[in-house]
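Undergrad: Please see the structure below; I have some questions.
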Amino acid sequence: MNSDQYFDEKTIQALGYYVYLLIDPRDLKIFYVGKGKGNRVFAHINDALENETVSDKLDKIRAIVKEHGSIDHYIIRHGLSENEAFLLESTIIDLLSNRIFNNSAVANLTNIQGGHYSDLFGMKTAKEIKMLYAAEKLEALPENTVIININYLYKKDMSAEDLYNATRSSWIMGEQRAKKMKYVFAEYRGFILEVYETTKWSIARSEIVNSRKKTRMEFEGKVAEESFRKHYLHKTVAHSKGRGSQNPIRYNL
């Protein structure tokens, strides 16, 4: 093993938990943020050179090594507890991956996840913080409304168009039932992010699920009139969701 790619025991004991950056020496951009102890910071380059696992991070390391010889390793803070390292790692990933900081100028991250507890405690707008901790409960829905949970499609800093496209298609629903739905509420983690008024429902595609034919529906529509929308936007329906419920669709007929 290259001596530049490991710490001796004395150094390991002094470091404790730490947070590190992997940097591409060709353009000086950060491409990975991590936390660990011991020789964790060097594990990525060793993995890339010693096995053929495919990932954005490992492929990038192989390309850098082929062209430049090695990557740059930086320890950004050390002497941390594990919880402190988790927090700092998540904070840095939040900052570098958020588009408002023009991250492409300093970073092009290959991190797959956002860091420990980033969904709950990570970077949010002031509006999102208010929604998280002070949202009113939504006790009643209008008739012919469907709530669509987009947890798996939601991304931070989604544009209005991206949010609409994530909500509109395509969901396993009965065709006749879907066509009765006048309103669609986009829900993320129990909060209503947007309210749409539908103009058309159509079949996106059909598929076989557990030997049964299922229809996936999609709608066309627009953001509901403000006088209607304001009664439901940013309120929470978390209190009305059944524990362990996996169905992303809920109706009020």
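Undergrad: Can you pull the accessible area of D27 for me, 1.4 Å probe, Å² to the nearest 10?
TA: Spelled out: D27, probe radius 1.4 Å, area about 80 Å².
Undergrad: While we're here: Looking only at K66, K156, K29, which one moves most when the chain is put into a Gaussian network model with springs between Cα atoms under 10 Å?
TA: Its mean-square fluctuation being the largest, the pick is K66.
Undergrad: A further question follows. Taking a probe of 1.4 angstrom, what is the accessible area of E197 in Å², to the nearest 10?
TA: 50
Undergrad: Provide K179, K10, K60, K127 ordered by accessible surface of protein heavy atoms (probe 1.4 Å), highest first.
TA: Details: K179 105, K10 170, K60 50, K127 135 Å².
These residues rank, largest area first, as K10, K127, K179, K60.
Undergrad: Same structure again: Determine the alpha carbon to alpha carbon distance for each of K60/K130; K66/K156; K214/K235; K57/K155; K29/K127 and list only those over 29 Å.
TA: From the list (K60/K130; K66/K156; K214/K235; K57/K155; K29/K127), the Cα-Cα distance tops 29 Å for K60/K130; K66/K156; K214/K235; K29/K127.
Undergrad: Looking at the chain, identify the longest residue range that excludes and avoids all chymotrypsin sites (Phe, Trp or Tyr not before Pro) in DSSP loops having at most 15 other Cβ atoms within 10 Å. Intermediate values should be presented prior to the final figure.
TA: Values: sites that count: Y6, Y117, Y152.
For chymotrypsin sites (Phe, Trp or Tyr not before Pro) (loop position, at most 15 other Cβ atoms within 10 Å), the longest site-free span of the chain is 7-116.
Undergrad: Also, quick follow-up: Under a plain spin-label model, where a point goes 7 Å from the Cα along Cα-to-Cβ, how far apart in nm are T199 and Q13?
TA: 7.2
Undergrad: To the nearest 10 square angstrom, what accessible area does R26 show with a 1.4 Å probe?
TA: Approximately 100 Å² of R26 is accessible to the 1.4 Å probe.
Undergrad: Now, a different point. Taking H as built 1.01 Å from N, whose amide H comes closer than 5 Å to the amide H of Y6, not counting residues under 5 places away?
TA: The list, which skips near neighbours in sequence, is empty: none.
Undergrad: What length, rounded to one decimal in nm, is gained on full extension from K180 through to D47, with 0.36 nm per residue of separation minus their alpha-carbon distance? Display every interim value, and only then the final one.
TA: Working: separation 133, 0.36 × 133 = 47.88 nm, distance 5.40 nm.
Difference between extended and current length: 42.5 nm.
Undergrad: Considering only the chain, what is the antiparallel percent among its DSSP beta bridges, to the nearest 5? Numbers along the way, then the final one.
TA: Values: 38 of 45 bridges.
Of the beta bridges lying entirely in the chain, close to 85 percent run antiparallel.
Undergrad: Within region 183-210, list the residues whose amide N lies under 14 Å from a label point set 7 Å along Cα→Cβ of A135.
TA: Under 14 Å, as judged by backbone N against the label point of A135, lie 185-195 of region 183-210.
Undergrad: Further question on the same structure: So if R0 is 22 Å, what FRET efficiency would S170 and S104 give, r being the distance between their Cβ atoms, rounded to the nearest 0.05? Please list the in-between numbers first.
TA: Numbers: r = 32 Å, r/R0 = 1.43.
Working from the Cβ atoms, E equals 0.10.
Undergrad: Search the structure for amide H atoms under 5 Å from the amide H of R77, placed 1.01 Å from N in the peptide plane, and list their residues when 5 or more places away or on another chain.
TA: The answer is V19.
Undergrad: Counting only helical runs of four or more DSSP H residues, what would the 222 nm mean residue ellipticity of the chain come to if each run contributes -39,500 (n - 2.57) and the total is spread over all its residues? Numbers along the way, then the final one.
TA: Details: 9 runs with 77 residues, N = 253.
So the calculated ellipticity at 222 nm is -8500 deg cm²/dmol.
The values are calculated or read from the model by the stated rules, or taken from the named source; none is laboratory data. If you're wondering where the values come from, they're calculated on a predicted model, not measured in any experiment. With ideal geometry, Cβ positions are generated from the backbone for all residues, glycine too; neighbour counts draw on all protein chains shown. To get the accessible areas, we keep the full protein, side chains included, count just its heavy atoms, and leave off ligands, DNA and RNA. Shrake-Rupley method; radii C 1.70, N 1.55, O 1.52, S 1.80 Å.
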